[in-house]
Amino acid sequence: MPKKLIEIAGEAPTEEKPVLRPADSIQNDKVICLECGKEMRQLSTKHLVAHGMSQKEYRKKYGFSMRTPLSAKSLTKARIKAAQKRGLPEKLQKYIEARRQSKTTVAAKSSVSAAETGKKVKRRASRRKTA
């Protein structure tokens, strides 16, 4: 209904409620956009921009967690399977462990070098910008 007709009729504009529950919109082979009802394999950023919202706003509006993928369950499973086939989980764990080790060795070296010299570690004073 046009805005003028609503004002004349005295009806308050009501917010449209989705026909589908948000939890039911993510199905095995498709995702249904709760804004327009369009069916697709994945809700892309480009599609949501057409509705004037980001993925974060869409998730917040319809109660999805930030970790919930906005794609069909079959597509999500296929991506997980492909990542596991490439060895991604093991490689990620090795990378995280290597970073943790390098951080501890760097911290240990800096504390040892300061202790060996018996001097305090001097730090440069920050320069102030003059306007």
If you take the residues in the range 63-85 that are in contact (Cβ under 8 Å) with a residue 24 or more places away in the chain and in a helix (DSSP H, G or I), which one is nearest to Ser25 (Cα to Cα)? Lys73
Only one of Leu88, Leu75, Leu48 is surrounded by 12 or more Cβ atoms within 10 Å (Cβ to Cβ) and in contact with a Ser or Thr (Cβ under 9 Å, 6 or more places away or on another chain), namely Leu48
Among the residues listed as Lys60, Lys91, the single one being at pLDDT 80 or above and either under 30 Å from Lys30 (Cα atoms) or assigned to a loop (DSSP other than H, G, I, E, B) (or both): Lys60
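The values are calculated or read from the model by the stated rules, or taken from the named source; none is laboratory data. Every value quoted in this text rests on a predicted model; they were computed, and no experiment measured them. Backbone-built Cβ (ideal geometry, glycine too); neighbour counts: all protein chains shown.
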